[in-house]
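First comes the structure, then the notes that go with it.
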Amino acid sequence: MRSVLIFLITIEALSAQASRPRIAIAGIAHESNSFSPTPTTLKDFMIRRGDEIVREWAESNHEIAGYIAGAKLYDFEIYPTLMSQAIPAGPVTNEALDKITGEIIDRLKKAPKLDGLLLALHGAMVTETYPHGDPEVMKRLRAALGKDFPIVVTHDFHANIAPDMWKLSTALITYKEVPHVDQKNRGLKAAEIMSGIARGKFKPTQAGVKPAMIYNIRYHHTSSEPLLPIVAETKRMEKQPKILAASVSGGYQYADVEWVGPTAVVVTDNDPELAQREAQRLSDMLWATRDKLTKQLPEAPAAVKAAIAERKFPVVLVEMGDNIGGGSAGDSTFMLAELLKQKAKGWVEAVADPAAVSIASRAGVGAPFNELVGGKIDGLHGAPVRVKGVVKSLHNGKYIETEARHGGARYHDQGLTAVIEVEGSTLDLPTLLMLTTRRQVPFSLHQLISCGIYPEKQKILVVKAAIAFRAAYEPIAARIIEVDTGGLTAVNPARFKYVRARKGLFGLDK
Ligand SMILES: [Zn+2]
């Protein structure tokens, strides 16, 4: 009896094994600022292959973590190939696009029989040759895998989605939230759809609609008006059995490409008319909010004055023109110069300046510091500013973030870091300039805490960001002031010259 039972269990286990779909994982994710003169090269990409992908992301809040967790939940086997991403900057070189996409295709071709591909693309990649890099990746994958091979794509909320994307993918979904705290969830949703396709349960049909507008990044915060009710509607739609996914992307205004701007994409189970109708409805909802998208922000002098006058702390000053997560230099000096000019006290600001870091590190802790800081990378983010003080501490620049934060990463490394105690500091209220070797997105308070800075005890925190910092900073901020500064991510599109964007877009053409 016992041996028969074991025999039966083994047969069952084997047949379950045989019927489990095998799904590949791959990705190339980049948000490219087409106005930036700094190209994104192969060496700028963090590339992980095979099991390294699992080690890097399984414990993170990234969509790859969602793919991996989804395999368990929906019972399929994963086949990780290559995942790559780079910090936003200028367009991706041909070499990087060709090498990365080429290796993904090689690995997919060498794989044992596959039943589908989960593909992580940002959706706003611009390359040297292709203004829309993501559909180019899709075309190459389609050519290699065939037109019917299931490919489920996840995009960032900031995707500038070209129609080819919903035509070439089997199903396309985007993150819903800014800050992007739902990346893992969207990876799980992609895994759920993929499992249904691989088992013959779902037959996805999808449609996309683009309203004739850009949606200024200033309004991308999805937990407040005007986007909140639209995002809530997409969540409600996904509870309907015929709708597999409903996504609204806000677009990325710093890529001058034909299909810049927001998109509504709806994936249904074998109902193309429903997909078209619902995508149109979401697009109309976006269009209907346009009168709420025209607020003016203060410039640096008024913003610093308001921060100094505030009674509750900390005040977060958001340097919108140098939004590192949007592809700018990370060494803007507009706020720094103004803070020094108005003799503000108790502020903290991080500036990427490898030359200044190495001067501070050679001088050593306790040594005087008197150097020109920032404004050195591309001449678009203010002039270098003289800062006097003392080298307070030096750090290796590594930290971890275990909470759900924008970007979903767990491991961070901003390179050798120096903290300067700026002239006029007291022990009770230090004024601190953090100099980093790499430009680092301010998505985690551990960037400061790991260097002995207590953000909630400071008066003013400057972040080079737009919306994404909020997941980390909102819980401690007494007030957040967004500032209209110059730079590669200036909020005002009139500061840029658009050539490729389609004509007549609200927010771009007046
Ligand atoms: Zn994004």
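Of all the residues that make up the stretch 134-182, how many are within 16 Å of the ligand (Cβ to nearest atom), of a type in the set (A, V, I, L, M) and within 16 Å of residue 194 (Cα to Cα)?
3
It is to be established whether one or more residues within the stretch 53-70 are crowded, with 17+ Cβ neighbours inside 10 Å, farther than 30 Å from residue 471 by Cβ and assigned by TED's automatic domain parsing to the domain that holds residue 28.
No, the conditions are met nowhere in the stretch 53-70.
Is the stretch 41-59 home to any residue that is within 16 Å of the ligand (Cβ to nearest atom) and in a loop (DSSP other than H, G, I, E, B)? Even if it seems obvious, please write down each step before you answer.
Here is the first cut: in the stretch 41-59, the residues within 16 Å of the ligand (Cβ to nearest atom) are none.
No, because not a single residue in the stretch 41-59 is within 16 Å of the ligand (Cβ to nearest atom) and in a loop (DSSP other than H, G, I, E, B).
Please identify the pairs in which a residue from the stretch 99-125 that is touching a residue at least 60 places away in the same chain (Cβ under 8 Å) has its Cβ atom under 6 Å from the Cβ atom of a residue that is in a loop (DSSP other than H, G, I, E, B) and more than 16 Å from the ligand (Cβ to nearest atom), counting only partners at least 6 apart or on another chain.
Hits for this filter: 115/21; 116/150.
In the stretch 361-379, what residues are of a type outside the set (D, E, K, R) and in a loop (DSSP other than H, G, I, E, B)?
Taking the stretch 361-379 first, the residues of a type outside the set (D, E, K, R) are 361, 363-370, 372-375, 377, 379.
Those that are of a type outside the set (D, E, K, R) and in a loop (DSSP other than H, G, I, E, B): 364, 365, 366, 367, 374, 375, 377, 379.
Of all residues in the stretch 279-323, count the ones that are part of a loop (DSSP other than H, G, I, E, B) and within 16 Å of the ligand (Cβ to nearest atom).
Looking only at the stretch 279-323, we keep the residues that are part of a loop (DSSP other than H, G, I, E, B), and these are 289, 293-299, 310-314, 323.
Among the residues that remain, those that are also within 16 Å of the ligand (Cβ to nearest atom) are: 323.
Number of matching residues: 1.
Restricting to the stretch 120-133, name every residue that is within 16 Å of the ligand (Cβ to nearest atom) and either assigned to a strand (DSSP E or B) or surrounded by fewer than 18 Cβ atoms within 10 Å (Cβ to Cβ) (or both).
Applying the first criterion (within 16 Å of the ligand (Cβ to nearest atom)) to the stretch 120-133 yields 120-126, 133.
Within the stretch 120-133, 120, 121 qualify.
For the stretch 349-361, what are the residues that are more than 27 Å from the chain's Cα centre (by Cα) and either of a type in the set (Val, Ile, Thr) or more than 10 Å from residue 418 (Cβ to Cβ) (or both)?
Residues satisfying the conditions are 355, 359.
If you scan the stretch 346-358, which residues turn out to be outside any strand (DSSP E or B) and either basic (Lys, Arg) or surrounded by 19 or more Cβ atoms within 10 Å (Cβ to Cβ) (or both)? Break it down stepwise before answering.
First pass over the stretch 346-358, keeping only residues outside any strand (DSSP E or B): 346, 353-358.
Matches in the stretch 346-358: 346, 353, 356, 357.
Could you please find all residues in the stretch 324-345 being crowded, with 24+ Cβ neighbours inside 10 Å, assigned to a loop (DSSP other than H, G, I, E, B) and at pLDDT 95 or above?
The answer is 330, 331, 332, 333.
Which of (1) buried (at least 24 other Cβ atoms within 10 Å of the Cβ); (2) more than 12 Å from the ligand (Cβ to nearest atom) does residue 188 not meet, given it meets every other one?
Single failed check for residue 188: (1).
I'm told residue 225 meets every condition in (1) within 15 Å of the ligand (Cβ to nearest atom); (2) surrounded by fewer than 21 Cβ atoms within 10 Å (Cβ to Cβ); (3) of a type in the set (Asp, Glu) except one. Can you identify the failing condition by its number?
(1)
Quick test of your reading of the structure: residue 406 fulfils all but one of (1) closer than 30 Å to residue 54 by Cβ; (2) touching a residue at least 40 places away in the same chain (Cβ under 8 Å); (3) surrounded by fewer than 13 Cβ atoms within 10 Å (Cβ to Cβ). Name the failing condition by number.
Only one criterion is unmet by residue 406, namely (3).
Residue check: is residue 154 surrounded by fewer than 21 Cβ atoms within 10 Å (Cβ to Cβ) and of a type in the set (Val, Ile, Thr)? Walk me through it before giving the result.
Values: surrounded by fewer than 21 Cβ atoms within 10 Å (Cβ to Cβ): no; of a type in the set (Val, Ile, Thr): yes.
So residue 154 fails the test.
For the stretch 426-447, check the following and say yes or no: at least one residue is within 24 Å of the chain's Cα centre (by Cα) and among the charged types (D, E, K, R). Can you show your working first?
Quick first cut of the stretch 426-447, residues within 24 Å of the chain's Cα centre (by Cα) only: 434-447.
Narrowing further to those that are among the charged types (D, E, K, R): 438-439.
Scanning the stretch 426-447, I find at least one residue that is within 24 Å of the chain's Cα centre (by Cα) and among the charged types (D, E, K, R), so the answer is yes.
Kindly state which helices (runs of 4 or more DSSP H) lie completely within the stretch 147-249 and contain at least 3 residues that are over 21 Å from the mean Cα position of the chain (by Cα) and assigned by TED's automatic domain parsing to the domain that holds residue 404.
On the way: elements: 163-168, 183-198, 228-237.
Per the criteria, no element qualifies.
The values are calculated or read from the model by the stated rules, or taken from the named source; none is laboratory data. Please read these numbers as outputs of a predicted model, since none were measured by experiment. When we count neighbours, we look across all protein chains shown, and the Cβ atoms used for this are built from the backbone with ideal geometry, even at glycine.
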